[in-house]
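What follows is a short report on a single structure.
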Amino acid sequence: MSQTQYLEFDAPCCASVRECNVRAMYVIGFRNGEPKVLRRIDAVRCYRGITKKVKFYPSNDVILVSYYMSNRGVHYIYVLWKPENLSNEKAIEIARKALGLEIEEKVIIHG
């Protein structure tokens, strides 16, 4: 994809103040081997009628994930976009490392 092409996603939606604090989308780069968060897109308060579109410019060295932590401490990671040559398992591994969850035991993975 060229730099002028982008994908449009709805920003994460939250239903309460507590949920807004633990729900987000992350653009994670992994160009030089060490993954890092390039952008955090916080949840918007849909319960107040707020919506937001997010433009994402795909590249071969970034992934887009949705993240949520439940009341019981379970981490949910959803891969929204990844390069075609990257497996879901590798994308989740990159996301976990960038978010500091590589030592966590309770992670639910959705590809």
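Quick look at the values:
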quantity	calculated
Cα lying deepest toward the dipole's positive end in the range 7-110, options Pro35, Tyr68, Pro58, charges on Cβ	Tyr68
Residue range of the chain that is longest and free of GluC sites (Glu not before Pro) which are both DSSP loop and sparsely packed (at most 10 other C-beta within 10 Å)	1-83
Size of electric dipole in the chain: Cβ of Lys, Arg +1 and of Asp, Glu -1, about Cα centre, debye, nearest 20	440
Segment Asp42-Glu89, extension gain: residue separation times 0.36 nm, minus the distance between their alpha carbons	14.5 nm
For the chain, calculated [θ]222 nm from helices alone, where every DSSP H run of n ≥ 4 adds -39500 (n - 2.57)	-4500 deg cm²/dmol
Kirkwood hydrodynamic radius (C-alpha pairs) into Stokes-Einstein, the chain, 37 °C and 0.692 mPa s, D in µm²/s	226
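All of the numbers you see were taken from the coordinates with simple rules; none came from a lab. Values in this document were obtained by computation on a predicted structure and should not be read as measured data. Don't worry about glycine lacking a Cβ; one is built from the backbone with ideal geometry, like all the others, and counts go over all protein chains shown.
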